[in-house]
Amino acid sequence: MKKKIAILGSTGSIGTQALEVIDKLNDRFEITALSAGSNVNLIAKQIEKYQPKIISVKTKFDSDVLKDRFPHIKCLYGEEGLIEICKTEEIEMVLVAVSGKTGLKPTFEAIKSKKDIALANKETLVMAGDIIMKSAKDNNVKILPVDSEHSAIFQCLNNRTQVKHLIITSSGGPFRTSTKEEMENADLRSALSHPRWNMGKKITVDSATLMNKGLEVIEAHHLFNFDYDKIKVTIHPQSYVHSAVEYIDGSIIAQIGIPSMHIPIQYALTYPDRTEGIETESFDFTKAGKLEFFEPDLEKFPSLKLAFEAGEKGGTYTVCLNAANEEAVFAFLENKIKFLDIYNITKEMFDNYKPVFNADIDSIIEEDEKVRVKTKELIEKYKRG
Ligand code: MN
């Protein structure tokens, strides 16, 4: 029997790589639903190739265009479209590969509808980790990490009562060896030229500030249920060690491989099985050269420190962190603010934020929207200044 899967965000970096993985896993998956934002051309090609029963795009206009072209499939749009996909009876697994806060509500609905989740959207856990993990437990649903570091920890974690630290590795991003002055004047192109991983724009900028690592720390806290003082970040520029677990007896178990998202995507989809897949190349210890490891420089990358602080404070502090950062990153991508102002804006929002504790999904979304409105106002000030 083929597993019926929905891919939310099928035209993005993770979505397209997931389809490449599925192409090589003959007879294991049936693509029942796909969703995209505004890349109508690509989703149209995907519809022709995979023949899903349901698709969803961002706008009604695009949905109608696709409906004309593919009258036999159900064409939806907007958040309601994603939610309807997630509630579709026959779907067994949902790969959440949309970017940003778009992932939250659909993921929550998919869990309540008892679908297993392959989660590539870290914002969902950053915003609502407590609720999402509790709901997954109550509904007996698996949350399988797609993020490479969390896939690594997931593979290394075998006895959680004897864990000393989770060690999350980071390439250090494009500015690892840059000076603060160079970062001050960094343009879009240098921030977007990530040395090791090929990803979407938002996450690539987050990798340049190390906010991505900070969000991953919060993600790991929720996924694996460890306190923040048990989570460490280590800079590893070669990105072969994808993360590790240190046990109380001094043993460290690490997951190693070439830096390819195909491998963690595939493991989430085929778990607990391993199968031959798209990656035929494997890591060769004898050819790898020097593997380096450093402490993160929190002076140069204060976003990482701020993320730990947000996580430890709890409540909706992480909602504020995520929303303010995301809006600031968008402003940077539109050339409105300087690179270092991404942190300055996020920090200013964070310091003035009044959190809500024990929030439900709706009040989390409300907080998120409030923070975004205020962040946009603050961005205007930074533009003028
Ligand atoms: Mn990652």
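No lab work stands behind these numbers, since they all come straight from the coordinates. Just so it is clear, the model here is predicted, and its values are computed rather than measured. So basically every Cβ, Gly included, is an ideal-geometry build from the backbone, and we count neighbours across all protein chains shown.
The table below lists the values:
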{"read-out": "Over 30 Å (Cα to Cα) - which of LYS202/LYS374; LYS24/LYS232; LYS58/LYS354; LYS137/LYS374 fall in this group", "value": "LYS24/LYS232; LYS58/LYS354; LYS137/LYS374"}
{"read-out": "Segment 150-313: antiparallel DSSP beta bridges as a percent of all, rounded to 5", "value": "65 percent"}
{"read-out": "Near-label residues of segment 86-114 by backbone N, under 15 Å of a point 7 Å along Cα→Cβ of ASP138", "value": "108-114"}
{"read-out": "Chymotrypsin sites (Phe, Trp or Tyr not before Pro) within segment 286-363: DSSP coil, no more than 16 neighbouring Cβ in 10 Å", "value": "PHE293, PHE357"}
{"read-out": "Cα centre as origin, Lys/Arg/Asp/Glu Cβ charges: segment 276-359 dipole, Debye", "value": "360 debye"}
{"read-out": "Antiparallel bridges, percent of DSSP beta bridges restricted to the chain (to nearest 5)", "value": "25 percent"}
{"read-out": "Alpha-carbon centroid distance for the pair segment 133-179 / segment 356-378, whole angstrom", "value": "26 Å"}
{"read-out": "Dipole of the chain, positive end: most advanced residue of SER35, ASN185, HIS262 [Cβ charges, Cα centre]", "value": "SER35"}
{"read-out": "Length added when fully stretched, GLU369-GLN162, from 0.36 nm per residue minus Cα-Cα", "value": "70.5 nm"}
{"read-out": "Relative contact order of the chain, defined on C-alpha pairs under 8 angstrom at six or more residues apart (%)", "value": "15 percent"}
{"read-out": "DSSP-assigned coil residues among trypsin sites (Lys or Arg not before Pro) in segment 257-351, each with at most 10 further Cβ atoms within 10 Å", "value": "LYS290"}
{"read-out": "Segment 193-269 and segment 314-330: distance between their alpha carbon centers, rounded to Å", "value": "20 Å"}
{"read-out": "Among the listed pairs LYS105/LYS134; LYS114/LYS142; LYS201/LYS290; LYS230/LYS313; LYS60/LYS87, those beyond 18 Å (Cα-Cα)", "value": "LYS201/LYS290; LYS60/LYS87"}
{"read-out": "Whole-angstrom gap from segment 1-60 to segment 86-103, using each part's C-alpha centre", "value": "11 Å"}
{"read-out": "Average Cα contact separation per residue, segment 6-135, under 8 Å, 6 or more apart, as relative contact order %", "value": "22 percent"}
{"read-out": "Over the chain: helical MRE at 222 nm, DSSP H runs n ≥ 4 each giving -39500 (n - 2.57), nearest 500", "value": "-14500 deg cm²/dmol"}
